[in-house]
Structures are given as C-alpha cells and as structure tokens.
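Heads up: the structure comes next, in structure tokens.
Quick note: the coordinates plus some simple rules give every number you see, no bench work behind them. For clarity, every value in this text was computed on a predicted model and none was experimentally measured. Glycine gets a Cβ as well: all are built from the backbone with ideal geometry, and neighbour counts include every protein chain shown.
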Amino acid sequence: MGGGLLPLSPGRAARWRATADGQTAAAEGLSRARAQNELLQLAAAHPDGVEQGVLKTAVQQYQQPLRALQRKGLVEQAPAPRATAAPSEEPTLNAAQRAVVEAVDAGHERFAPHLLYGVTGSGKTAVYLELARRALARGRQVLVLVPEIGLTPQLLARFGAELPVTTAVLHSGLTDRQDGLRYHGRDLAVVRAQRRGVAVVLGSATPSLESLANARSGQYALQRLDERAGAAEPPRLELIDLRRRRVEQGLSRPLVDAMAGELDAGGQVLLFLNRRGWAPTLICDDCGWVAECHRCDARLTVHRGGTRQRCHHCGAEGRVPSACPDCGSQALVELGQGTERIEQAIAERFPETEAVRIDRDSTRRRGALEAKLERVRQGQARILLGTQMLAKGHDFPGVTLVGVLDADLGLFGADFRPPEHLAQTILQVAGRAGRGDRPGRVLIQTRHPEHPLLR
C-alpha cells in the first residue's frame, strides 16, 4: 500500500476489508497475533468492508492491531458501499405468514416478545425478511441470530439478495475468542429487546418447554405457522428396530436399501449422526482399560481413521497407543461409529456417488463449509452426512430421504434435558426431507422402538 496509512475514523462509518494478500493470510491464520487475526478474519468475511464498530465488538482495543494489519498490507479502507437496488418484486406471503407479520409489526414501537411456532418448511425465513424490510424502511437496525454457524452462508445470501443493505456478520468462527461470559442467546435477545423497547421474534419448529410455557402464560404472544409453504407435504417417519437387524458400520440393510432406491430415483440422502470423529471409545479387550483425557475426566474420541485421539471437552490431542498402557495388550478395540467412520462406510457401499461430510472437523478451513453446501445445492453431492450442523434451517429441496443413524444417543442422560433435545433434533433433521416437489421419508434407527418419545 502506498501513500502512508489512512487515519482511523472515530465513528462507525469507516469500513475495512482484506486485501488479496490479506485473504491469503486469513485462510492460513495469524497464529502469533491473536487480535490481528480476529480483525483480519472479520475483514476477510466482508468483501464490501466491515465497520469499525463491528471490529470494536470483536477486539475492544482494535486500533493498534488494525494499524499493524494496514502496515503489513493485509487490510485497506473500503469505499463507501453503493446503494443496492431494492428487489424487483415484493415477496409473496401466504395468508398465515401475512397474519404473523401484521401481528408482530403492530407492536414494533414497544417491547413485544413473540414466539413463532412454525413447522419445518413453513416459511419462517420469509416472515423474518418481511419484518426486517419494514424495520429498515423505518430507518431501524435489525439483529438476526442463527442457531448454527453452518446456516450463516445460506441466510446471508438470502438476506443479501432480498434486502437493500450490507449485512455485517459476527460469529465465533471468525475469531479465536473462546473466553468471556457464558450466556443463553435466546434469553439475552429478549433482555436486549426489552431494554431497547422493540419487538423480538423467537422462531422455531421445536420451541423449548420454557418458551412454550411463556406463550401459554401470556408472557409471549404466540404466532403459528402450522402448514408447510407451497405444495410440500410433511415427511413420513418410520422406525428401524436394530435389535432385529444386522448393522454393519452403523448402517442397517433397510436403510442402505432405501438409500439406493432414492439415489436411483434422482433424490439426495441426508444421514444424521451427532457424533464426530472415527469412534467415540477406545477400550482394551483384555483388561477393560478405556482411553481417557489426561487433562480432564472425559473419554477420548478416536479420529482420522484410528490414528489420532482427541478430547472433545478440553481439546487435548495425541496419537492412539499401539498397546494398552495398563496391561500391555495390543487388543485395543474402537467402539461405536463417528461421522468419519460412517463416511468410509458410505464410500464402500456407494463408490460411484459423491458424498460430503459436514461437521466441525471437516469445515475448519475457511470456505470449506460454503464449498460443501454449494456442491449439495448444485446436486453434485448426492449423499450428505453430518452432525447438528445440518439439523436446523437448511433448505435442501433435493433431499428425499433422511436417516437418523442412532436415535438412542439422546434417550438417556444425566439430567432432564436429553429427551427434550432428542425430540427437537429428530423433528428438525426430519424437516430437511421433502421440501421440494417430491415427498420425504425419514428412517430412524433405534434399539428402543417402544420408547414413548419415538412412538
């Protein structure tokens, strides 16, 4: 960069973007300069520039790190964004969506919490967009919270295409910050809306018991979308009793046959397993030793085809031992399946079909998530395998079959939440099926088909 350094504006108007060298550096990361890396990741995520106010949110004392990035030629001041033309056509809302919009918009000048209880595929995003459009027309700002980082690319593209503004993005994947206070995003959103005197919409196909109780007591206004938008029908759910089926590498024969049928018919298949890695447990078959983390009491997960083990609680990592550290036996057994192991099983059974795995491990590199999702939307990847990152909000019109590989993971736990969370997860991931022209089908593998939650 020639001509010296540009001054840092004290206001929010100045915008900064990553240079070509900055984009390259952002992909590799600045491991020795944490604050600079956080600012660079934000700048790289906003090609049109990110406001200094957003940078300050990520790094309170951002001025010196930003100057350092500028001296290195990694960021530059972006020109003022050009006004974006409004969409040529207003979005078409059905009667139920329009009723929700009018109910929420009627109280836009005061604090008014709303619970939008809408089935999967009912068009909740269209409601959010219309409400945002009206708020922007009044000169207001809009804050949108999403439940998974994986939804960011899809939602950002949708908002960018339909709203005449530049959207700022901030999430943990853009920074290295892991410290600070722990808080509940939903509850904090309600508190923030209360203090600002504005409406807040809590939208979900599977609202929490607390939110339902608040709606029942009148604390929240209940808005409903009970039918899928357009001609899409709810998917059909079926149980596969694993007690009577032979299971190979986590896949039962009925599920494999159903996958083959849907793929032959031109559909896409989504497999859900909320357990990343190769295998969740490494045990000695002779003495019963179990691999546990040396820094905490969590069990280690085997990764990378059985060569590495990692603690998903504290991040400790190391090689898988060649022999049991207690008895010296080499009879070490990898119990269970993670997404890495299922990925190999899919490749063996469907070698001619492209599959993508979407979890925290496979999407660490910058741009990896966006690239994988794009291959799915283009129809190039016919099989999707993923964790919680795929369960909510994604719109894959080509998916006609969803397989829940191990529903039993959520049936039993140490507190009262697992059954609630399992019910929410199954309904959410089932909602990815049949969102297009063809009907959807959901197969749920379980060893407890008689459980009340699955009936």
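Some observations on this one:
- Relative contact order (%) - criterion: Cα under 8 Å, at least six apart; region: region 95-225: 54
- Farthest toward positive dipole pole in the chain [+1 Lys/Arg, -1 Asp/Glu at C-beta], among A135, T24, Q97: A135
- For E292, the residues 5 or more places off, or on other chains, whose built amide H falls under 5 Å of its own are L300.
- Derived value for region 109-250: Kirkwood hydrodynamic radius 17.9 Å. Basis is the mean of 1/r over every pair of different alpha-carbon atoms.
- Amide hydrogen neighbours beyond the local backbone of I240, cut-off 5 Å, H modeled: I444, Q445, T446
- Annotation: peptides 45-56, 343-354, 113-124, 220-231, ranked by per-residue average of other Cβ atoms within 10 Å with the highest first, follow the order 113-124, 45-56, 220-231, 343-354.
- Under 5 Å, built H, 5+ apart or other chain: amide partners of T281: V302, L335
- Its relative contact order, with pairs defined as Cα atoms under 8 Å and 6+ residues apart, puts the chain at 16 percent.
- Ranking P325, G288, P397 by Cα position along the charge dipole of the chain, where only Lys, Arg, Asp and Glu carry charges on their C-beta atoms, puts P397 farthest toward the positive end.
- Of V201, P147, L170, farthest towards positive along the dipole that unit charges on Lys, Arg, Asp, Glu beta carbons give region 144-224: V201
- The lysines whose alpha-carbon is closer than 22 Å to the alpha-carbon of K124, local same-chain residues fewer than 8 away aside, are K392.
- Karplus (6.51, -1.76, 1.60) ³J(HN,Hα), θ = phi - 60°, over region 325-342, in Hz, Gly and Pro reported as x: x, 8, 10, x, 5, 9, 7, 8, 10, 8, 9, x, 10, x, 4, 5, 5, 5
- Computed E for R236/D21 - FRET, C-beta separation, R0 51 angstrom, nearest 0.05: 0.45
- Shape call, the chain: gyration tensor on alpha carbons, a/c limit 1.5: oblate
- Theoretical ellipticity at 222 nm over the chain - DSSP helices of four or more residues, -39500 (n - 2.57) apiece, nearest 500: -9500 deg cm²/dmol
- Couplings 3J(HN,Hα) of region 238-253, computed from phi: 9, 9, 10, 7, 6, 5, 10, 10, 7, 10, 10, 6, x, 10, 7, 4 Hz, in residue order, whole Hz [Karplus 6.51 cos²θ - 1.76 cosθ + 1.60, θ = phi - 60°; x for Gly and Pro].
- Table column - 3J(HN,Hα) (Hz), region 438-448, Karplus curve with 6.51, -1.76, 1.60, x for Gly and Pro: 9, x, x, 9, 10, 10, 10, 7, 7, 9, 10
- Proximal aspartates and glutamates relative to K56, as straight alpha-carbon distance under 13 Å, when same-chain residues fewer than 8 apart are discounted: E38
- Cα centre as origin, Lys/Arg/Asp/Glu Cβ charges: the chain dipole, Debye: 1160
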